[in-house]
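Working notes, structure below.
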Amino acid sequence: MPDYSDLIRVFGKIGLLSFGGPAAQISLMQTELVDRRKWLGEKQFLQALSFCMLLPGPEAMQLATYAGWRLRGVPGGLIAGLLFVLPGACVILGLAFGYVYFGDLPVVQAVFAGVKAAVVIIVIQALSKLAGRALLDWQARALALAAFAGIFVLSVPFPVIIAMAALIGLIRASTPPDKPLPKHDFSTVKTLRTILIWGGLWLAPVVLLWVSGSDLLLDVALFFSKLAVVTFGGAYAVLAYMTQEIVQSYGWLTTEQMIDALGLAETTPGPLILVTQFAAFVAGFQHSGPGLAVLAALICLWVTFVPCFLWIFAAAPYVETLLAKPRLQGAFDAIAASVAGVILNLAVWFSLHVLFDEVTHGTYGPVVRFADFSGFDAGLVALAACLFVGLRLSMLSGLAVMAGLTGLLHVVM
């Protein structure tokens, strides 16, 4: 069993190098924890990954937390989880400061034109990968189409789509002949104590903000707490719901700023869900300057990631028992299928805002005019497709090329 210094060194390395989204991050952890150091067995690691995919929140961060818990208990889980998140959070905070102070400069806007075009292709690639795993039969494809129609045309809230998909999955799941379930190794009293401690930590700032009467910060705490409960399917899925709420319901950011946020989050280590920190910072800055922006970002981080520790520390001892329940797996499969439809909504939403100069919101979704179509931006999206799909550039390399090219074109022209 590794000591704490080894744990800090290895998970610190993982946190600093965890670029490229969940697939790359999980691969890095497998290399470091299973292949190189043999701290976890292959079966243990895959079982942990399956468990984390059943939970709301960023699966890679929760996998790191579970691995740390498995190796050194709760202190190990805290070390692993925090080191996975904090490097990226610090980078995002620095980028957010630069964005709010310099984002209006023409050359910076030109750079972001390239980033936005790249984001369209990145989201489409994420959709393609998920569809390949989740849409294996006509029922899954029907669920995905229904989810897309629900959120894009009817503006059905994301939590409702997730709940309905889970219910359908529970009903559809086949129940095999009874067999003994694996025994867990934790007591109910300890589990309840864990829930009370981490649930209390999660809700403490929400209660304090409610008492203090800080409207914006309370809204930030409540909204991102709700996101922490419904973020099944990863950051791309929740981005569609988050964009809808932040742009249309709260008016904190524009859709263009949300696309910028995703582009910047793609360039940092750590979970992509750190895009929420950027959104909270910009919302706070536009409301009342840098002081409130930092507070909003910190509160967002707290209510986004403390629940992750709650899920892991409360449920990890029951992993084998949970994974043996077929109805739970059926619910997850249905959620994964519906998430594909939600990500399709995100891809269409972002594409329209990149390709058209003006997008209005009608009764049944976004409305555009062909007169507002931007041939220049369409060319940038096509170039991004060539880089990512044709040349198979990595995410960071593709973003760098697109940003550098559009910035250079602005200077030359």
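Quick rundown of the values:
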| item | result |
| --- | --- |
| Principal axis box of segment 260-413, alpha-carbon based, largest edge first, Å | 61, 42, 40 |
| Axial C-alpha extent at least 18 Å, average Kyte-Doolittle at least -1.0 - helices from the chain (DSSP) | 4-17, 59-102, 106-134, 138-152, 158-172, 188-212, 215-230, 275-288, 290-315, 326-355, 395-412 |
| Potential lengthening between Glu320 and Leu208 on full extension [0.36 nm per residue; Cα-Cα distance subtracted] | 36.6 nm |
| Alpha-carbon gyration tensor eigenvalues x 5, square-rooted, for the chain, Å | 34, 25, 22 |
| Sparsely packed chymotrypsin sites (Phe, Trp or Tyr not before Pro) within segment 295-349, loop by DSSP, other Cβ within 10 Å at most 11 | none |
| Under-24-angstrom lysine pairs by C-alpha in the chain, whenever the two are 8 or more apart or on separate chains | 10 |
| Span from the segment 240-302 Cα centroid across to the segment 107-122 one, whole angstrom | 17 Å |
| Hydrodynamic radius of segment 187-300 per Kirkwood, over alpha carbon pairs, in Å | 15.0 Å |
| Rounded to whole Å, sorted largest first: equivalent-ellipsoid semi-axes of segment 15-74, Cα gyration tensor | 15, 15, 11 |
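Quick note: the coordinates plus some simple rules give every number you see, no bench work behind them. It should be emphasised that the depicted structure is a prediction, and the values quoted were computed from it without experimental measurement. Every residue, glycine as well, gets a Cβ built from its backbone with ideal geometry; the counts of neighbours run over all protein chains shown.
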